[in-house]
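Take a look at the structure set out below.
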């Protein structure tokens, strides 16, 4: 069953990818959708078995040995425990919904089979990542999703912006992946294995291990964890390595929903949670994670306030929510992070697919300034977007409410500088989240239509094949938080996770338990922030439309800075891209063409040609020249012998 | 009372000498129309000679008062020479008829030259060496200028003659020096004298040896005695060039080996330096000189200079394996060159012979099989595996490496790399250039020779590696065993 749940998407990708022409677009769609849907059902069954079957339900299915070299042994195997089961459900359910949705969304695209193949390939790689039993297999999946992401961002390869975005995504991720790879090596150095069981068993005993790096004594686990975190930063778009995520919106919208909101970008969160037994012994690393996660949540939210592209707003919102997950991990509340990951996957996929539905209705318009007044025309999509935004803003009884509140409570309960920083940043971000969510809703659906008449005449509700996935996801966005709360972070927590996540317990029990004992005002703070954000959005965009302009004019410089995304792109361009280009150009023109070609192939060829010309010139055709050469030859040879004696 | 010497070891040579006289008579009495008949009879007598050779006495036999030696080293070389000569005669007939120089003297001269080569290979004395060499050379001078009313051909013959005379002079002068300082011209006695000498060998003998080596180097066209080669190859009638490229080379290099390993075996340290220099220089000049060539015959001239360089690499190792390598190399060289020249002989546009590389343009479209065979030869000449040429190079470079001659091996590899350029240029012309004017259909005889040679070069050689290798090994061992 595990094998079917994981390899069906691969089979679908294989068939659709290599035999797409043979079975046609419709065939490819059926094959891939069926594969992923079956996988989704199987993973729900697996989840129930493993999540509620007690600790002995977790298991590892070994497929075959991959590398066996000396003491280094790695095999392909599927590790199915609660953490994996949660991810399996998230990945397969969201993926299957996106697959179905794509059938409608991509119905006008000439390369539907290829698209479906890529989606399924991505799903398989993501499943490899989450079921990995060792770091190497995880790295395989990690790189695999990177490739799939690259292919999908660049799906419309005739668009230059898509080319650039895909390259950027790939290259920025490379920085992170390099960190991850180094992290794996560091782990191997410390533990002598990359198998999770072996690592986790030794984690406590290596808590004080150090190693010497260039005469510099380093705490081994901190170093390894920070390197792993750099890997997570790349994949999960944390501040510093986040610049690729907004650009990745160049891909088709279902891709943004699946890869750049629900699943791949959360791989970093998953990886850190998976490595929780090690991270627990690296408090310094966790502190870094907290600060960076909190900063990401805040910064991304501020940028989200200023953007006009509907997908980019949601993309920055994704980045901000990932920041939440990371600082939850930073304070040691891994279950809370995974909880938020799960709820976020549902409502963010819902929002993206809803946005896709809007874009579809508006004839591929993405700029919110050219929308408005369409809520009566597409009521289904409108309702779905409301549900998604309510969940995102953390309004009670929607999924996001439970998970986000939990995260903010644990941050407060940490009672540390980092925790407080994260808490206040999180509250501010929650306020801004609500504000930009309603800004999006109002600008998109309300007010006077700002689109051309032709576009407006064409506005239509999406077909059922696109709406049904939205409904399924909205069910998740409505109930996932409420239903899952007791198991993920509530009373049944320990039985549910069954040791797949490790949290060191302090004097008051684990950090989650501590979160249940925070002062009374703390749980209400995010709610207040959220509601006030919504109210302010109404004031700004519905009741007094002049206000945003006035506000922007007052804080011109600040707005420009935030609108330009904190100048990260410009900074990186000046700091890395340009020097690298200059260096590359110099190496190409100067070293390769000038020195290597000059001395190597070209130079050798030129020398050969010149020598050959010279040797032909000697061949004059005159007998006495030839005779002369012969005699000189004999004289030289005899002379050599006489002199050499 | 003088007893008659034992004639049995020299039976093949005696037969061939008589046969050539008879052939000459047949030609004279039947007139110019007898080219075809005389040619086929010549081939037949070569075959009989070869048969007698194989029936000859086992082991080493010396006769004519020590002037003549028959051993398996000589037999191997003689077989190669006979094969090369036969093929040269077979290929010539049609060419001579088309060029309107169908005279019966041609096969007779080749028979006499072949006889000279056989005598050379069997020489066991500086005097018999010279006699064999001159018999061969005189016949070659004549056929080089066989188209006597064409300026180029006569020029080639004359150049070859003048320079050949110079080289003979050098050789004779060297021989006289050796005689003067060692007191003998017999190879066997020279070997004993030089082996018995105390301390450093006398300057006279060494210089004499260098002069003899120079004379022989001329015959194999090793640098710096190679200058005649391109001009003669280009000027001589193509069928003559085809003959020049193979049989005399095999004969001269076997003689070269016999002289250096036999009588001067104890001066190995000295002659190895000469050979190494000649080998390196030949490889380089062979590679560089060919780049500029547009005429395919000149190209093959430089190619043969280069190949002699590779063969000398094996000799300069001075070991049994090295000599074995040279013999293998010459066998493969024979097949490749016969094949290439069979194609060059077929290069005609509406009956007119052409010899520019550009004339091969688009051959793959007009004559795909011919082009493919040519491509096989070119790959093989360039030494690209799995063609036979690669194994030949392998056989000569390996002993050189084992003997520690790394610089020579490096020069060889660089030269091979450069030589790839012009071999590949021929392939490029055939496969990628446009047809200027299609070539005529080759004659069936040429077709058979090309096909046979191509198949030998690849893939037959690979499967029949062991008879050739073991034959060469036995020949080399016989030579060293006689010392």
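Bear in mind that the values in this text are calculations on the coordinates, not laboratory data. A quick note: this is a predicted structure, and the numbers were derived from the prediction, not measured. All Cβ positions, glycine included, derive from the backbone under ideal geometry; neighbour counts span all protein chains shown.
For chain A, what is the relative contact order in percent, using Cα pairs closer than 8 Å and at least 6 residues apart in sequence? Please list the in-between numbers first.
Numbers: 1083 pairs, mean separation 80.1, N = 645.
Result for chain A is 12 percent.
Summarise the partner chain shielding of B:278-290 as one whole number: the mean count of Cβ atoms from other chains within 10 Å of each residue's Cβ.
Numbers: counts 2, 0, 0, 1, 0, 0, 2, 5, 1, 4, 10, 7, 3.
Average per residue, whole number: 3.
Just want to confirm a number: the relative contact order over the stretch A:233-325, from Cα pairs under 8 angstrom separated by 6+ residues, in percent.
On the way: 97 pairs, mean separation 33.0, N = 93.
Normalised by residue count, the contact order of the stretch A:233-325 is 36 percent.
For B:211-223, what's the mean count of beta carbons from other chains sitting within 10 Å of each residue's beta carbon?
On the way: counts 3, 0, 2, 7, 2, 0, 4, 2, 0, 0, 0, 1, 3.
Partner-chain Cβ atoms within 10 Å, mean over residues of B:211-223: 2.
Only helical DSSP H runs with n ≥ 4 go in: add -39500 (n - 2.57) per run for chain A, normalise by residue count and round the 222 nm mean residue ellipticity to 500 deg cm²/dmol.
Working: 29 runs with 446 residues, N = 645.
So the helix-based figure for chain A works out to -22500 deg cm²/dmol.
Mark the label point 7 Å from the Cα of residue B:28 along Cα→Cβ and return the residues of the stretch B:102-129 whose backbone N is within less than 17 Å of it.
Residues B:104-112 fall inside that zone.
Given the Cα atoms of the stretch B:287-482, and with Rh set as the inverse mean 1/r over their pairs in the Kirkwood sense, what is Rg to Rh to two decimals? Numbers along the way, then the final one.
Numbers: Rg = 17.4 Å, Rh = 17.2 Å.
Over the Cα atoms of the stretch B:287-482, Rg/Rh equals 1.01.
Sorting B:364, A:120 on the 10 Å Cβ count, fewest up front, what's the list?
Values: B:364 21, A:120 30.
With the fewest neighbours first, B:364, A:120 line up as B:364, A:120.
Shielding of A:613-624 by partners, i.e. mean partner chain Cβ atoms within 10 Å per residue?
Per residue, the average neighbour count from other chains is 5.
Taking R0 as 35 Å, what FRET efficiency do you get between residue A:604 and residue A:576 from their Cβ-Cβ distance, rounded to the nearest 0.05? Let's see the in-between values first.
Details: r = 36 Å, r/R0 = 1.04.
Working from the Cβ atoms, E equals 0.45.
For residue A:596 and residue A:495 in one chain, what is 0.36 nm times their gap in residues minus the Cα-Cα distance, to one decimal in nm?
Numbers: separation 101, 0.36 × 101 = 36.36 nm, distance 6.49 nm.
Net length gain for the segment: 29.9 nm.
Which value, in Å to one decimal place, does the Kirkwood hydrodynamic radius take for chain B when every pair of different Cα atoms is included? Write out the running numbers ahead of the final one.
Working: mean 1/r = 0.0447 Å⁻¹.
Result for chain B, one decimal place: 22.4 Å.
Exposure proxy check: B:46, A:555 ranked by fewest other beta carbons within 10 Å? Before the final figure, lay out each step's value.
Working: B:46 24, A:555 11.
Starting with the residue having the fewest Cβ neighbours, the order is A:555, B:46.
So what's the angle, to the nearest 10 degrees on a 0 to 90 scale, between helix A:20-51 and the longest Cα principal axis of chain A?
Taking Cα atoms only, the helix is inclined about 60 degrees.
List the relative contact order of the stretch B:1-265 as a percent without decimals, with contacts defined as Cα pairs under 8 Å and 6+ residues apart.
In percent, rounded to a whole number, it is 20.
Which order do peptides A:404-415, A:380-391 fall in by mean Cβ count within 10 Å, highest first?
Working: A:404-415: 26.3, A:380-391: 23.2.
Those peptides, ordered most packed to least, come out A:404-415, A:380-391.
How do the peptides A:349-362, A:523-536 rank, highest first, by the average count of neighbouring beta carbon atoms within 10 Å per residue? Intermediate results must be reported in sequence, preceding the final value.
Working: A:349-362: 27.2, A:523-536: 18.5.
By packing density, highest mean first, the sequence is A:349-362, A:523-536.
Return the calculated 222 nm mean residue ellipticity for chain B, to the nearest 500 deg cm²/dmol, obtained by summing -39500 (n - 2.57) across DSSP H runs with n ≥ 4 and dividing by the residue count. Before the final figure, lay out each step's value.
Working: 19 runs with 356 residues, N = 483.
Per the formula, -25000 deg cm²/dmol.
Relative to the present Cα-Cα distance, how much length would full extension add between residue B:480 and residue B:269 at 0.36 nm per residue of separation?
Values: separation 211, 0.36 × 211 = 75.96 nm, distance 1.62 nm.
In short, 74.3 nm is gained.
Cα extents of the stretch A:1-127 along the three principal axes, largest first, in whole Å?
50, 38, 16
How many nm is it between the label spots at residue A:174 and residue A:424, if each spot is 7 Å from the Cα in line with the beta carbon?
4.1
Based on the mean of other beta carbon atoms within 10 Å per residue, what is the order of B:187-194, B:293-300, most packed first? Present the calculation step by step, with values, prior to reporting the outcome.
Numbers: B:187-194: 19.5, B:293-300: 21.6.
Top to bottom by mean Cβ count within 10 Å: B:293-300, B:187-194.
Kindly express, to the nearest 10 degrees and within the range 0 to 90, the angle between helix B:126-144's C-alpha long axis and the longest C-alpha principal axis of chain B.
In chain B, helix B:126-144 runs at an angle near 20 degrees to the longest axis.
From zero up to wherever the largest Cα-Cα distance of the protein assembly as shown sits, split into 10 Å bins and tell me the percent of pairs in each.
Taking all Cα pairs of the protein assembly as shown, the binned fractions are 2, 9, 15, 14, 9, 6, 8, 10, 11, 8, 5, 2, 0, 0, 0 percent.
Between the helical axis of A:399-413 and the dominant principal axis of chain A, each derived from Cα atoms, what acute angle in degrees is found, rounded to the nearest 10?
80
For chain B, give me the percentage of DSSP beta bridges that are antiparallel, rounded to the nearest 5 percent.
Roughly 100 percent of the beta bridges in chain B run antiparallel, per DSSP.
Would you order A:570, A:280, A:2 from fewest to most other beta-carbon atoms within 10 Å of each residue's own beta-carbon? Walk me through the intermediate numbers first.
On the way: A:570 11, A:280 20, A:2 23.
Fewest to most other Cβ atoms nearby, the residues stand as A:570, A:280, A:2.
Which parts of the stretch A:55-99 would a label at residue A:30 reach, counting a residue when its backbone N lies under 19 Å from a point 7 Å out along Cα-to-Cβ?
A:99
In nm, to one decimal, how far is the residue B:436 label point from the residue A:52 one, both placed 7 Å along Cα→Cβ?
It is 8.9 nm.
Starting at 0 and stepping by 5 Å, how many percent of the alpha carbon pairs of the stretch A:283-543 end up in each bin?
Whole-percent P(r) values from 0 Å outward: 1, 7, 14, 18, 18, 15, 11, 7, 5, 3, 1, 0, 0, 0.
Quote to one decimal, in nm, the extra length available between residue B:195 and residue B:18 on full extension: 0.36 nm per residue of separation minus the C-alpha distance between them. Mind showing how you got there, number by number?
Working: separation 177, 0.36 × 177 = 63.72 nm, distance 3.93 nm.
Full extension of this stretch gives 59.8 nm more.
Once you put a point 7 Å from the Cα of residue A:189 and another 7 Å from the Cα of residue A:59, both along the Cβ direction, what distance in nm separates them?
Distance between label points: 3.9 nm.
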